[in-house]
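Below is one structure; the comments refer to it alone.
What follows draws every value from the coordinates through simple rules; no lab data is involved. Everything quoted here is computed from the prediction, not taken from an experiment. Here the Cβ is made from the backbone with ideal geometry for all residues, glycine too, and neighbour counts use every protein chain on show.
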């Protein structure tokens, strides 16, 4: 298995531009997570999906952020418009989770976003 | 989710066992203890998890106290490549919240 695949690995954009980050989870996994990591705030959970349905988006910082999971093999995190404070590494993770068992996440390599 | 407390940093000599503690005194009966690590600039990597019993896999051992209020991750023979930030998480739900972790430095 190729693992969790994220793209792009690096993105540099200017303030005000739209940014779309993409994630392909591990085949057969039913849960998908988006995290953001900065030096100041550490690793923050933004949103997670179960069976393609958003379960908890309480970590999404504001309306400029949106996430979708149109099918079991693809998810996007969009920032519109982007701001310099959005600069961070964004990680996607997936897992095969049932409510009665452990939830073991596999992380992607991350997308490093720089907003100028 | 139970709050976890870890020391911010630890050192370990190469070849020796690294014992990383975690306090989760408010853990409830259905909450698992998970350990992940993050090597610089990489995505977090799953190490091990447990509910009540001690667990061992090819990477590490997890020792959970009988009252489940604390646990220790043991890397039996630490190498330089084990230098990383180690996160302890206690949760029974779907979402894993990462704290600040312990920065382990393995020294030659």
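A few notes on this one:
- Considering only Cα atoms, the convex hull volume of the protein assembly as shown works out to 123 Å³ per residue.
- From the largest down, chain B spans 40, 27, 23 angstrom on the principal axes of its Cα atoms.
- Rounded FRET efficiency, nearest 0.05, which uses the C-beta distance separating residue A:73 from residue A:9 and R0 of 22 Å: 0.70
- Residue of A:71, A:30, A:52 that the Gaussian network model of chain A assigns the largest fluctuation, springs spanning Cα pairs under 10 Å: A:71
- Residue A:62 paired with residue A:27, simple spin-label distance in nm, labels 7 Å along Cα-to-beta-carbon: 4.1 nm
- Cut-off 16 Å (backbone N to label point 7 Å along Cα→Cβ of residue B:17), residues of the range B:67-95: B:71-79
- Residue among B:96, B:75, B:62 with the largest mean-square fluctuation in a Gaussian network model of chain B, springs linking Cα atoms under 10 Å: B:96
- Shielding of peptide A:54-64 by partners, expressed as the average count of other chain Cβ atoms within 10 Å per residue Cβ, is 1.
- Separation between Cα centres of the range A:53-71 and the range B:2-20, rounded to whole Å: 34 Å
- Residue by residue along A:88-97, Cβ atoms of other protein chains within 10 Å of the local Cβ number 2 on average.
- Semi-axis lengths (Å, descending) of the ellipsoid that matches the C-alpha gyration tensor of the range A:1-86: 22, 15, 13
- In the distance distribution for the range B:19-66, Cα-Cα pairs more than 16 Å apart total 43 percent.
- Under the criterion of Cα pairs below 8 Å and six or more residues apart, the relative contact order for chain B equals 37 percent.
- Residue exposure sequence - A:49, A:74, A:65 - by fewest surrounding Cβ within 10 Å: A:74, A:65, A:49
- Between the range B:44-81 and the range A:1-38, the Cα center-to-center distance that results, in Å: 29 Å
- Extension gain from residue B:51 to residue B:1, taking 0.36 nm per residue of separation minus the Cα-Cα distance: 16.6 nm
- The mean number of partner chain beta-carbon atoms within 10 angstrom of a residue's beta-carbon across peptide B:40-46 is 6.
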